[in-house]
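Accompanying notes for the structure given below.
The values are calculated or read from the model by the stated rules, or taken from the named source; none is laboratory data. Quick caveat, the model's predicted, so the values are computed rather than measured. For neighbour counting, all protein chains shown are included, and Cβ atoms are generated from backbone atoms with ideal geometry for every residue, glycine included.
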């Protein structure tokens, strides 16, 4: 009698285990997700698990049974998602063109596409094959789930370069520290610039030391990897223009004063990391309020006027609004 009882118990436990295995298999999903350009397959898998849990469990390894198999592959900028369901002769298939998704939103967009195709497959386990039509892609994950680029922010930049003056004709190094605030397509730029230039002119050597501040509203053209800024404003500063005579019969002097110039600025920022970018900028300015030193006869001996060109290369760091 006791032997019969133990046999019945063993049979009951075996049946329970088999039922549990069958139940787990009917609710299990196997995910086979490849990397898709810069999107990691492992990251997509983590988001898909969050979407499908706790309605299903994951199957690990090829030997573990699974009722649903989801596959993600990528080729030539197109992500192909295939979901196979036990009991269905044909798989559901969906294609996503990566260029249709903003770069910051590709990870979540692909994860939601996989999760929704799994949900569709499990809700309609005997449905006929679904052709790879674009309507499914548009209805499943498009605009509401895509993150928009940051609409405003502040960037700080530091750079070095060269400056060229037309009158007097001088070439020299320049260093600059600037800040950019942007709101959508509008930006406001400001920078503090220090420059040194010198030249030899016959019997005299001329030298310029200047510091200036620029302020310019700008138009901002934005993409996921770069920004283009085109602005027009004003630059003002103080400068010392001095001369050194190579002729002992001549006396050289210096003049210090305020100068002012309208300026046109163009800069490009290429993102290297989430907050860091390479920045290249050029500026053309025309000195309208000149710096002038007069001789004994009242004629200009030293004079800063006319066109000024500068090019600066540096690094930019996003204080806020990093995308």
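What the table shows:
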item: Residue within the stretch 125-136 that is over 30 Å from residue 181 (Cβ atoms), at pLDDT 50 or above and assigned by TED's automatic domain parsing to the domain that holds residue 40 present; result: yes
item: Pairs where the first residue, in the stretch 193-222, is outside the structural domain of residue 158 (by TED's automatic domain parsing) and the second is assigned to a strand (DSSP E or B) and modelled with pLDDT under 80, C-beta under 7 Å, 6+ apart; result: none
item: Condition broken by residue 184, with the remaining ones in (1) modelled with pLDDT of 85 or more; (2) surrounded by fewer than 13 Cβ atoms within 10 Å (Cβ to Cβ); (3) within 30 Å of residue 82 (Cβ to Cβ) satisfied; result: (3)
item: Complete set of residues in the stretch 78-104 that are in a loop (DSSP other than H, G, I, E, B) and buried (at least 18 other Cβ atoms within 10 Å of the Cβ); result: 101
